[in-house]
Amino acid sequence: MYLTPVLLTVLCAAVCICKVSAAPHNGTATLVFKISNQTKSKSPSSTGGANGTAQPYVSEDLNEPVPKDRRLRLSEEKPANKTECPPLGLESLRVSDHQLRASSIKRYGLGSHRGRLNIQSGIYDDDFFDGAWCAGEKSRNEWLEVDARRLTRFTGVITQGKNSIWTDDWVTSYKVQVSNDTHTWRSCRNGTEVAIFNANKDPDTPVLNKLPTPMVGRYIRINPQTWFENGTICLRAEILGCPLPDPNTVFMWEQHPQPTDKLEFKHHNYKEMRKLMKKVNEDCPNITRVYSIGKSYMGLKMYVMEISDNPGEHELGEPEFRYVAGMHGNEVLGRELMLNLMEYLCQEYKKENPRILRLITETRIHLLPSMNPDGYEMAYKLGSELSGWGIGRWTYQGIDLNHNFADLNTPLWDAEDNEQVPEHFPNHYIPIPEYYTYENATVAPETRAVIDWMQKIPFVLSANLHGGELVVSYPFDMARSYWMAKELTPTADDSMFRWLATVYASSHRVMADDNRRICHYDNFIRVGNIINGANWHTVAGSMNDFSYLHTNCFEVTIELSCDKFPHEVELPTEWENNKESLLLYIEQVHRGIKGVVRDKDTNQGVPEAVVMVDGINHDIRTAVDGDYWRLLNPGEYEVTAKAEGYHPSTKSCHVSYEDRPTICDLYISKTPKQRLKELLANGKKLPKELLLRLRQLRNRKLKAKSQK
């Protein structure tokens, strides 16, 4: 998810300008990846992108010792505390706006409905939607009230200041009061005296105050006593409390859907994640394999769970799919959904669920639950409410991985402006610029590992799982006008990307609800909960753009929930919210056409053949066996295959509305020149028809010269 929008805009613009001026757009170089203490080189200028030329990753031993580093002490599993109460749900929106009241408000955009932990402000001064509740007066009589709607044992209060880049406002101390009827209020006491709690010292860091003695009531108020001297009374809050049985209530409580799937719903640190992946692998050894694509800066392995009917093998005609979670370490829901998905696929396969059997038999699925394990460990130690909006977002080195991939957009757009595409500059498999390989280039080891992964496996479709909003964004993520904070910047495959984004958004339980409350200040409901990434906020060097331009893979970003770090009690509901969407999105890898580009004479697959679709200025390439997959919406397409030393071949292919790809095999013939090269190289005699063809060509050239 995003940082404060204006700050992000400034940072992104600076990055874009820097890259435009510094990047030698036409230069390429050997990119060296250091992974697992082994140095491997890739030549972007020659390979260009993923072609699946090898099976590079071996299965991992999950019993090996966990690395120890004094700089990043691995967190221990947090034992379940049955007496500890969860949050009521101000941050996760389980508490509705109607349950919040205040003594006064500065203006509507700073009303009680904005007094939610981690809520983000708008991008303009005095924006209609701002990041806190702010009182109308500076008085000790002001209060923010929460209606729990039933008798509740309140145990704690968490507060923040106002989220704003324009003003500094936060409460430094407060009282807590509880009531059953909103008329008679009891103050929280510390012994015989009314308790006054120390609150915030800055606007962003959450501060937890546990009540000396839990208090029972339906309503709870936060009554500010002091505040930042140069500011006003503003706060964001979360309340900890356990609901109590209340047979006299007149309310019918809303029941969230509870999953029937027997999955492990809890937050998993590094050790617990390994333990769960090991268990799934042992439960389903015939369809699962665990491998590592590299290590984080602190030496934590980036584990991937592969799920396929033949794990460890790329099968001819079977597409490769990936989910990537945890790019931002504090956006943890994607990590837990990936672990749940592993368990679910294993269990349903053993139950012979037809849908899951087909999915695993026809697709090679790769799940990376933690791209930024170092950042996750930092957020996990603080916990779901106290990690705030930013702790753990970055790697241990302080790098935002979503801005860390090579900017391939700028060289492509420069070439397009100079009318060099595709004759002199490719519209796909764009090589990595030389500046990205310099020793002083700020490239995280986590980023290098993912790029190496992309280059070795011919992925077709992917999704990058984030948190903090409810929306699906699709490329391009970088605005074409680098000085613009946001600008609609579609790809050549815009209609396909819009379909992919819509598939997830329209099947997500919460996104599909037109009456839901917006998370922060952007109302994505009116645009179907999908948006072009660059038209939301520009991001230079995003993984989505890099994946589309450097490999065959189409990738979108999925913002899974308003709460970046949902409490453990929210995880079963979040699984139900996302389960169907996760499965349906994987199934989209079979949408469009697929086939094999073969040598017409030998019937062998031709690797690195370029597959072009008429009318779409973005090509793809075949994998090592000559097989390819091209995501397309229903319609009629003219498809052309070409390769060095071959005559191009064109075929008309029809994509239907069925949920299976159209088989579109293409056969290409070697040119006489190529056949001559191969024969001479093998020391063979030239066939008579080839000699005749060469003589005819020579005579044509001589005749043409004589006419001049």
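Structure above, values below:
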| read-out | value |
| --- | --- |
| SER669-GLU315 FRET efficiency (beta carbon distance; Förster radius 25 Å; 0.05 resolution) | 0.40 |
| Violating pairs (Cα-Cα greater than 29 angstrom) within the set LYS175/LYS266; LYS210/LYS278; LYS677/LYS701 | LYS175/LYS266; LYS210/LYS278 |
| Size of electric dipole in segment 410-498: Cβ of Lys, Arg +1 and of Asp, Glu -1, about Cα centre, debye, nearest 20 | 340 |
| Principal semi-axes in Å for segment 627-708 [√(5λ), Cα gyration tensor, largest first] | 38, 18, 9 |
| Rg/Rg_globular for segment 139-232, with Rg_globular taken as 2.2 N^0.38 Å and Rg from C-alpha atoms | 1.10 |
| Hydrodynamic radius (Kirkwood) for the chain, which is based on Cα pairs only, to one decimal in Å | 27.6 |
| Surface per residue (accessible, 1.4 Å probe) for the chain, Å² | 43 |
| Two-site FRET efficiency, ASN617 against HIS654, from Cβ-Cβ distance with R₀ of 22 Å, rounded to 0.05 | 0.55 |
| Residue-averaged 222 nm ellipticity for the chain, from DSSP H runs of 4+ at -39500 (n - 2.57), nearest 500 | -7500 deg cm²/dmol |
| Unit Cα scatterers, Debye sum, segment 392-490: log10 I(q)/I(0) for q = 0.10, 0.11, 0.15, 0.20 Å⁻¹ | -0.35, -0.43, -0.83, -1.43 |
| Cα Rg over Rh - segment 210-363, Kirkwood | 1.14 |
| Dipole of the chain, positive direction: furthest Cα of GLN420, TYR297, ILE525, with charges on the beta-carbon | GLN420 |
| Student exercise, segment 581-649 dipole from Lys, Arg, Asp, Glu Cβ charges, in Debye to nearest 20 | 120 |
| Portion, in percent, of the accessible area of segment 559-708 that falls on carbon or sulfur, probe 1.4 Å | 50 |
| Selection from SER96, VAL216, LEU702 lying farthest towards where the dipole of the chain points positive, charges on Cβ | LEU702 |
| At most 13 other Cβ within 10 Å, DSSP loop - chymotrypsin sites (Phe, Trp or Tyr not before Pro), segment 355-456 | TYR438 |
| Entries in LYS351/LYS579; LYS456/LYS673; LYS68/LYS381; LYS301/LYS351; LYS262/LYS351; LYS301/LYS350 that, when Cα-Cα distance is taken, lie over 21 Å | LYS456/LYS673; LYS301/LYS351; LYS301/LYS350 |
| Relative intensity, log₁₀ I(q)/I(0), of segment 330-476 from a Debye sum that treats every alpha carbon as a point, q = 0.19 Å⁻¹ | -1.27 |
| Beta bridges per DSSP with both ends in segment 536-672, % antiparallel, nearest 5 | 80 |
| Farthest toward positive dipole pole in the chain [+1 Lys/Arg, -1 Asp/Glu at C-beta], among VAL510, ASN200, VAL539 | VAL539 |
| Modelled label reach - VAL527, point 7 Å along Cα→Cβ, segment 459-479 residues with backbone N closer than 18 Å | 466-479 |
| Cβ-placed point charges (K, R +1; D, E -1), dipole of the chain about Cα centre in debye, nearest 20 | 1760 |
| Potential extension, LYS688-ASP514 segment - 0.36 nm per residue separation minus Cα distance | 55.4 nm |
| Full-stretch length increase - GLU264, CYS242 - with 0.36 nm per residue and alpha-carbon distance subtracted | 5.7 nm |
| Calculated diffusion of segment 460-540, Stokes-Einstein form, Kirkwood radius summed over Cα pairs, 37 °C and 0.692 mPa s, µm²/s | 249 |
| Shape box of segment 527-636 [Cα atoms, principal axes, largest first, Å] | 62, 30, 27 |
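The values are calculated or read from the model by the stated rules, or taken from the named source; none is laboratory data. It should be emphasised that the depicted structure is a prediction, and the values quoted were computed from it without experimental measurement. Counting neighbours? That spans all protein chains shown, and the Cβs are built from the backbone with ideal geometry, glycine included. Quick note on the areas: whole protein, heavy atoms, side chains included, nothing else; ligands and nucleic acids left out. Shrake-Rupley method; radii C 1.70, N 1.55, O 1.52, S 1.80 Å.
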